[in-house]
Amino acid sequence: MSTYLDFNATTPVLSEVAELVCKLMLDEYGNAGSRTHAFGANAKKRVDLARDQVANVVAADRSEVFFTSGATESNNIAILGLKDFGNQHNKKHLITTRIEHKAVLEPIEHLEKCGFDVTYLEVNESGCVDPEDLRCALREDTLMVSIMHINNETGCIQPIPLICNILDGHEAYLHVDAAQSFGKLSGDLKNKRIDLLSASGHKLYASKGVGALVARKRGFIKPPLKPIMFGGGQERGLRPGTLAVPLIAGFGLVCEMAQNNHEQWCSHAAKLKATLIDELDKVGAMYNGSDTSPFVLNFSVPGVNSEALMVKLRDIAAVSNGSACTSSSYEPSHVLLAMGFEEDRIAGAVRVSWGVTTEKLPVRQILEQIVLLKM
């Protein structure tokens, strides 16, 4: 059986998390909104605990955590939820980057069609934005800046602390898509200048279908978000629908585990990455991006096409050549295009990503298949 190395697409669920989710599905199946019996009260306690566990990852308050179905929904609420405020206060300028996930770019494109003005920050071969470009782009009517923390395709880490410093004193809301960093590289996410933060459970060894939006208060004032769905009033009126208590509890548990094991998880990931780079150096691999996460490597080998390599690796390693959300598209990666790479390098780009359940990488077998394709 091949080694699963597509953790940036989705992670396996940790056994401790799966056990808790199953327990709550089979034994403690109450609705957290039911106030008339112990089943409902116990469910609410589970949700309250998870809210604390999620908040602790980024040094937030439990009242600032809103549970969603995942980062895509959180991104949509964060971006589209500010539309009315922007219209009312004539703040209709948005700033983002060319390398955002489609879950950010498409809501922003929707606002652009509604009359909002958008500035797209460029990146270079490093895959990172220049914070000074943000400083130059800021205007009095800038409503929001939306910049992801870690890119899902390349693993490039954006300079969030510098971005926060530049925004200090400006009223624009800062939204960070933290799907690839929440619980893994969370230090920068504790910065109080980050107003809105999106996370997904299935990127952190929890179930698909659960995530969170952290909406930090400025003093005692909440971000002026309006709901984009209606019906039920759950999550303080921002996100309606019956809470998925088992999934939420599982997400909370893995957040606590991530807090307790952060150094060990990062050290293990970095060692795995080093073993892969050592082998890829032998075939002249080019690494797409710098200052990248220890949990992922995006590389191209001259003369090797990514589709051909993935076929060769089918029984060795499950890897990808881009975002899972666009895997059905044959268009070149918008992220690598934005980084200015040539067509051949983009066509050869492969993403390998791993995590805490990865014992070792099949580096020798991967190298063997690359060598065969280069012959």
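The values are calculated or read from the model by the stated rules, or taken from the named source; none is laboratory data. Computed from a predicted model, the values in this text were never measured in an experiment. Reconstructed Cβ throughout: ideal geometry from the backbone, glycine too, with neighbour counts over all protein chains shown.
Restricting attention to the range 283-310, and to residues there that are of a type in the set (Val, Ile, Thr) and under 27 Å from the mean Cα position of the chain (by Cα), which single residue is surrounded by the most Cβ atoms within 10 Å (Cβ to Cβ)?
Step one: of the range 283-310, the residues of a type in the set (Val, Ile, Thr) are 283, 292, 296, 301, 304.
Pick out the ones that are also under 27 Å from the mean Cα position of the chain (by Cα) and you get 292, 296, 301.
On the way: THR292: 21, VAL296: 26, VAL301: 22.
Taking the candidates together, the pick is VAL296.
Would it be correct to say that ILE77 is more than 24 Å from GLY155 (Cα to Cα), surrounded by 17 or more Cβ atoms within 10 Å (Cβ to Cβ) and touching a strand residue (DSSP E or B) at 6+ places or on another chain (Cβ under 7 Å)? I'd like the intermediate steps shown before the answer.
On the way: more than 24 Å from GLY155 (Cα to Cα): yes; surrounded by 17 or more Cβ atoms within 10 Å (Cβ to Cβ): yes; touching a strand residue (DSSP E or B) at 6+ places or on another chain (Cβ under 7 Å): yes.
Judged against the criteria, ILE77 is a match.
If the condition is being of a type outside the set (A, V, I, L, M, F, W, C) and surrounded by 24 or more Cβ atoms within 10 Å (Cβ to Cβ), then the range 164-183 contributes TYR173, HIS175, ASP177, GLN180, SER181, GLY183. Within the range 8-27, the residues that satisfy the criterion of being among the β-branched types (Val, Ile, Thr) and part of a helix (DSSP H, G or I) are VAL17, VAL21. In the range 197-228, the qualifying residues are those that are of a type outside the set (Lys, Arg) and farther than 22 Å from SER186 by Cα, and the one that is surrounded by the most Cβ atoms within 10 Å (Cβ to Cβ) is LEU225. The one condition from (1) without any contact (Cβ under 8 Å) to a residue 24 or more places away in the chain; (2) surrounded by 21 or more Cβ atoms within 10 Å (Cβ to Cβ); (3) hydroxyl-bearing (Ser, Thr, Tyr) that THR36 does not meet is (2). Residue-level check: of (1) in contact (Cβ under 8 Å) with a residue 24 or more places away in the chain; (2) on the phi > 0 side of the Ramachandran plot; (3) not aliphatic (A, V, I, L, M), GLY284 misses just (1).
Of everything in the range 41-52 that's out of contact with any Lys or Arg (no Cβ under 9 Å at 6 or more places or on another chain) and touching a residue at least 40 places away in the same chain (Cβ under 8 Å), which residue is surrounded by the most Cβ atoms within 10 Å (Cβ to Cβ)? Steps first, answer last, please.
Initial filter on the range 41-52 (out of contact with any Lys or Arg (no Cβ under 9 Å at 6 or more places or on another chain)): 42-43, 45-47, 49-50.
Those left that are additionally touching a residue at least 40 places away in the same chain (Cβ under 8 Å): 43, 46-47, 49-50.
Details: ALA43: 23, ARG46: 22, VAL47: 21, LEU49: 16, ALA50: 27.
So the residue we want is ALA50.
Just so you know, in the range 305-325 the residues that are within 20 Å of ILE157 (Cβ to Cβ) and assigned to a loop (DSSP other than H, G, I, E, B) include one that is modelled with the highest pLDDT, and it is GLY322. Count of the range 84-105 residues, restricted to those that are basic (Lys, Arg) and crowded, with 20+ Cβ neighbours inside 10 Å, is 1.
For first residues located in the range 53-67 and outside any helix (DSSP H, G or I), partners that are polar (S, T, N, Q) and crowded, with 19+ Cβ neighbours inside 10 Å and lie 6+ apart or on another chain with Cβ distances below 8 Å form the pairs VAL58/SER186; PHE66/SER74. Tallying residues that are part of a strand (DSSP E or B) and touching a Gly at 6+ places or on another chain (Cβ under 8 Å) within the range 285-304 yields 5. For the range 164-185, a residue qualifies if it is closer than 20 Å to VAL104 by Cα and within 18 Å of the chain's Cα centre (by Cα), and the qualifying residues are LEU174, HIS175, VAL176, ASP177, ALA178, ALA179, GLN180, SER181, PHE182. Highlighted here are the strands (runs of 3 or more DSSP E) found entirely within the range 124-206 that include at least 2 residues which are among the β-branched types (Val, Ile, Thr) and more than 17 Å from GLY70 (Cβ to Cβ): 142-146.
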